[in-house]
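Contents: one structure, followed by commentary.
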Amino acid sequence: MAAQIGAPGAAVRAHEELFAYWASLRDGARLPGRAHLDPGGIKRLLPTISLIEVTADPRSAAADFRMRLAGTGLYGVYGREITGKRLGDIYNTAAADYWRAELGKVVAQKRPAVGVHSLAWRGASHLSILWLRLPLASDGQQVDMILGFDAVVGMSQGVSGIRAA
């Protein structure tokens, strides 16, 4: 996981970069769709990019989301491949509920969202994900997919070079 750890400032700049790219794809009030994304336009960010499919009405009790794509850098965060998995297959109940609520807001409000989520559920309470979620709509209006970006921030477990006396 150490390769994913970045300074909060670098994470914020990456969020700004992805947001600017997403905003450039908008056509007035119309949201961009997955078909508008060009991986070459966000090449540097691809390792921790995700595409999250809306699989049911997020306002219903059966609301769910599925990871259509998870960048290779996310493997270290989750300790396994999460592409193709639903939230309940990736997270414990509390974390899955958190993500359902946050992703549901993106769908309902048709607006980007940003936040911080602790990796304590993964046994890494010293690390957090600084996340960004951007709505995508194949018809320009109804959100059917969400573009995600995660930056892991926190105390590195690497060797500092400082030795006790």
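Among the residues of region 20-43, those identified as out of contact with any helix residue (DSSP H, G or I) (no Cβ under 8 Å at 6 or more places or on another chain) and either among the acidic types (Asp, Glu) or assigned to a helix (DSSP H, G or I) (or both) are 20, 22, 23, 24, 27, 34, 35, 38, 40, 43.
Condition first: in a helix (DSSP H, G or I), at pLDDT 95 or above and farther than 17 Å from residue 131 by Cβ. Can you find one or more residues in region 10-19 that meet it? So far as region 10-19 goes, no, none of its residues is in a helix (DSSP H, G or I), at pLDDT 95 or above and farther than 17 Å from residue 131 by Cβ.
If the condition is being closer than 9 Å to residue 67 by Cβ and assigned to a loop (DSSP other than H, G, I, E, B), then region 77-101 contributes 82, 83, 84, 85.
Taken over region 117-165, the criterion of being modelled with pLDDT of 80 or more and in a loop (DSSP other than H, G, I, E, B) is satisfied by 137, 138, 139, 140, 141, 142, 143, 144.
Select, from 71, 76, 104, 115, the only residue that is within 18 Å of residue 129 (Cα to Cα), small (Gly, Ala, Ser) and touching a residue at least 40 places away in the same chain (Cβ under 8 Å).
Values: 71 fails: touching a residue at least 40 places away in the same chain (Cβ under 8 Å); 104 fails: within 18 Å of residue 129 (Cα to Cα); 115 fails: touching a residue at least 40 places away in the same chain (Cβ under 8 Å).
The unique qualifying residue is 76.
Which of the following residues is among the charged types (D, E, K, R), surrounded by 15 or more Cβ atoms within 10 Å (Cβ to Cβ) and more than 21 Å from residue 152 (Cβ to Cβ): 86, 30, 26? Break it down stepwise before answering.
Numbers: 30 fails: surrounded by 15 or more Cβ atoms within 10 Å (Cβ to Cβ); 26 fails: surrounded by 15 or more Cβ atoms within 10 Å (Cβ to Cβ).
None of the other options fit; the residue is 86.
The values are calculated or read from the model by the stated rules, or taken from the named source; none is laboratory data. No experiment lies behind these values; they were computed from the predicted model shown. In this analysis, Cβ positions are derived from the backbone assuming ideal geometry, glycine residues included, and neighbour counts consider all displayed protein chains.
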